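Heads up, the thing below is written out as structure tokens.
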């Protein structure tokens, strides 16, 4: 009798164990794979994505997300366009230009991460640079040809009525940009504010000798980095796109509440990153680019359509459109979480 019960128990246990395996397999199969591209290395600004991974926000939405670093804010666009990535974190201004140059590639921006772009001119007081635009006259600049900030110079000089005939722009590589400024070989450089500033201080340049002219403070009405998705991903898996944005939104909110803990999620993915440096970088991005007055009032991720239309006009100063886009052709709000889920403090 005991033996019979034992056999029956083992039999039932085997069935339950098999069922658990099947359920586990089904759950795993239910996870939609998503390949996502960052715009750069795992540094402070990438904290919302790292947090969403570590806290399981993507998995809770049924997504198996793989996030890879990139070599700049333009690379995610080409990656998504090629179909090797489903979504990415890239510069919307570069996206506008890419769409115009390759009109058969319908990539869209679906969530604004940087309400104000980090495009800046970074100079040194000791080299005669100040917050006044007039101080730029006659100066020498480190200007990488592929730099997103330098690409906006036609807009900056147009809205500020600058004659740059007496200025010198030297095409330098990214790795030597800040070292050249630190050594006094140039008077200023074009770059992302949070990156160039911290790169300079880490090289011993006194903080009070560094001048950062954020282009958005000087009439440049562009947006910055956004979440971009491929047409195929949006068309075939719209619920996955919505889930992706909900997860990222939670990552943003957690990052805002506790930047220090959020940076821990970044540092563990980057062997050479230092927490204090990445925390400072993240705080700069939160203050300057993400938590703007407009975002605090209207919620994270959306756009002011009038401003976006003006931004499209300004982008037209950097190259000649084949066909000028509409706001709706570049950005859509259809995948964003509800407004009450996009509040940040």
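Each part gets one Cα centre, and for segment 87-118 versus segment 291-324 those centres are 11 Å apart. Highest-first packing order for the peptide set 268-278, 251-261, 110-120 is 110-120, 251-261, 268-278, based on the mean count of other beta carbon atoms within 10 Å.
Taking every DSSP beta bridge with both residues inside the chain, roughly what % is antiparallel (nearest 5)? Could the numbers behind the result be given before it?
Details: 19 of 33 bridges.
Of those bridges, close to 60 percent are antiparallel.
In what sequence, highest mean first, do 144-150, 220-226 appear when ranked by Cβ atoms within 10 angstrom?
Values: 144-150: 19.3, 220-226: 24.7.
Top to bottom by mean Cβ count within 10 Å: 220-226, 144-150.
Pairing the Cα long axis of helix 305-315 with the longest principal axis of the chain, what angle in degrees results, from 0 to 90 and rounded to the nearest 10? Taking Cα atoms only, the helix is inclined about 60 degrees.
Helical runs (DSSP H, four residues minimum) scored at -39500 (n - 2.57) apiece and divided by the length of the chain put the mean residue ellipticity at 222 nm at -13000 deg cm²/dmol.
Highest-first packing order for the peptide set 46-56, 179-189, 296-306 is 46-56, 179-189, 296-306, based on the mean count of other beta carbon atoms within 10 Å. Return the percentage of antiparallel bridges among DSSP beta bridges fully within segment 119-218, rounded to the nearest 5 %. That works out to approximately 65 percent antiparallel. Spread over its residues, the convex hull of the C-alpha atoms of the chain is 159 Å³ per residue. Placing a pseudo-label 7 Å from each Cα along the Cα-to-Cβ vector at residue 145 and residue 257 gives an inter-label distance of 4.8 nm.
No value in this document is a laboratory result; all are computed from the given coordinates. Not measured: the values here are computed from a predicted model. A quick note on method: Cβ atoms are made from the backbone with ideal geometry, for glycine too, and the neighbour counts reach across all protein chains shown.
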